[in-house]
1. Let me confirm something: among K192, K202, which residue is open to solvent by 30 Å² or more (accessible area, probe 1.4 Å) and modelled with pLDDT under 95?
2. Working only within segment 103-117, note down all residues that are under 19 Å from A84 (Cβ atoms) and not in a loop (DSSP other than H, G, I, E, B).
3. Can you confirm whether A169 is surrounded by 19 or more Cβ atoms within 10 Å (Cβ to Cβ), under 21 Å from V108 (Cβ atoms) and modelled with pLDDT of 95 or more?
4. For segment 18-40, give me the residue count where each residue is open to solvent by 10 Å² or more (accessible area, probe 1.4 Å) and out of contact with any Ser or Thr (no Cβ under 9 Å at 6 or more places or on another chain).
5. Just wondering, is there one or more residues in segment 85-94 that are among the hydrophobic types (A, V, I, L, M, F, W, C), open to solvent by 30 Å² or more (accessible area, probe 1.4 Å) and either touching an Asp or Glu at 6+ places or on another chain (Cβ under 8 Å) or farther than 25 Å from G35 by Cβ (or both)?
6. Which numbered condition in (1) open to solvent by 20 Å² or more (accessible area, probe 1.4 Å); (2) modelled with pLDDT of 95 or more is the only one that L54 fails?
7. If we only count helices (runs of 4 or more DSSP H) wholly inside segment 1-102, which ones have 2 or more residues that are closer than 24 Å to D114 by Cβ and among the small types (G, A, S)?
8. Of all residues in segment 263-315 being β-branched (V, I, T) and assigned to a loop (DSSP other than H, G, I, E, B), which is modelled with the highest pLDDT?
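The values are calculated or read from the model by the stated rules, or taken from the named source; none is laboratory data. Quantities reported herein were computed from a predicted structural model and do not represent experimental measurements. Note that we place each Cβ from the backbone using ideal geometry, even for glycine, and neighbour counts take in every protein chain shown. Surface areas here come from the heavy atoms of the whole protein model, side chains and all, with no ligands, DNA or RNA. Shrake-Rupley method; radii C 1.70, N 1.55, O 1.52, S 1.80 Å.
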Amino acid sequence: MTTDSSFNHITVLLDEAIEALAVRADGCYIDGTFGRGGHSRLLLEQLGSDGRLLGFDKDPLAIATGQALAAEDGRFVIVQRSFAEMASQAQQLGLSGKVSGILLDLGVSSPQLDDPSRGFSFMNDGPLDMRMDPDRGISAAQFIAQAPEEEIARVFKEYGEERFARRMARAVVERRAQQPFERTGDLAEVLKVANPAWEKHKHPATRAFQGLRIHVNNELADLEAGLQSALDILAVGGRLVVISFHSLEDRIVKLFMRRLEKGEADTLPRNLPVQVQRFEPVIRTLGKARFASEEELKANPRSRSAVMRVAEKLR
């Protein structure tokens, strides 16, 4: 794998996220998506000598950056695991129920998108991989080569919200019978031709590529598991801050927080003749969803889709 030192990452909602954590100098915090450490570094600046920060990431290049930071600062530890597994890691470290705040900055980072060798983007041709951890799981190329047409269509539709998923999946299967897909540019071209209605200012393969990336990295299942893990290990009064970048992620976060704040009964149809037991909220949401400022949007156009939600554990 190539290094990504030439690919810069601009941390989205940096100050807002750390402010939302309400950092205590002696607190223990988790950065579930370390990336290139933008949030972690600012958080460490606010911690005292007794504070601790635990970082998670799947990406080996992010881990290398984290290890360099850990060598400089003994209060920080980095772990190459998904944040979906942070409850078991916290338990091993004796931190369950003692974590003051957890930050999840979801999605793919700028270095991953901008480095053609990672295969996340069709903007620059590269190997069709898309794995955040290239040493685990199957690549996008392997999935496209092996999966039935119905499964490929499901991934495009459910995870990419692509309305022409069946048509595009059929085109992929027909082409792979002649020659396997190995490059992002090759797949993007086939998807482009198969898409009959292009959205303005959006490449016709964008949604299908999003679906592939989410599937290959198990992103939505990891998010659901990670949210529950966060709830299990947060201390009472601890904060959960989540930054999402597309509607599928944000919907999961919003429904998770709503259910724990208002109860299952809140999701039932009105006037349904059922007896509702008294519900004690587990969390309370803090303010409304927040978005990038106009200033940040100008400096970093990729922040336009960011949504930040904040909750505090009550019991």
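1. Details: K192 fails: modelled with pLDDT under 95.
Selected residue: K202, the only one of K192, K202 that is open to solvent by 30 Å² or more (accessible area, probe 1.4 Å) and modelled with pLDDT under 95.
2. In the first step, residues of segment 103-117 are kept if they are under 19 Å from A84 (Cβ atoms); the result is 103-109, 112.
If the condition is that a residue be under 19 Å from A84 (Cβ atoms) and not in a loop (DSSP other than H, G, I, E, B), then L103, L104, D105, Q112 are the ones that fit.
3. Working: surrounded by 19 or more Cβ atoms within 10 Å (Cβ to Cβ): yes; under 21 Å from V108 (Cβ atoms): no; modelled with pLDDT of 95 or more: yes.
When the stated conditions are applied, A169 does not pass them.
4. 2
5. Here is the first cut: in segment 85-94, the residues among the hydrophobic types (A, V, I, L, M, F, W, C) are 86-87, 90, 93.
Next, only the ones that are open to solvent by 30 Å² or more (accessible area, probe 1.4 Å) stay: 93.
Of the ones still in play, those that are also either touching an Asp or Glu at 6+ places or on another chain (Cβ under 8 Å) or farther than 25 Å from G35 by Cβ (or both) are none.
No, because not a single residue in segment 85-94 is among the hydrophobic types (A, V, I, L, M, F, W, C), open to solvent by 30 Å² or more (accessible area, probe 1.4 Å) and either touching an Asp or Glu at 6+ places or on another chain (Cβ under 8 Å) or farther than 25 Å from G35 by Cβ (or both).
6. It is condition (1) that L54 fails.
7. 38-46, 60-72
8. Initial filter on segment 263-315 (β-branched (V, I, T)): 267, 274, 276, 282-283, 285, 307, 310.
Within this subset, residues satisfying the condition of being assigned to a loop (DSSP other than H, G, I, E, B) are 274, 276, 282.
Numbers: V274: 52, V276: 51, V282: 96.
Among residues in segment 263-315 that are β-branched (V, I, T) and assigned to a loop (DSSP other than H, G, I, E, B), the one modelled with the highest pLDDT is V282.
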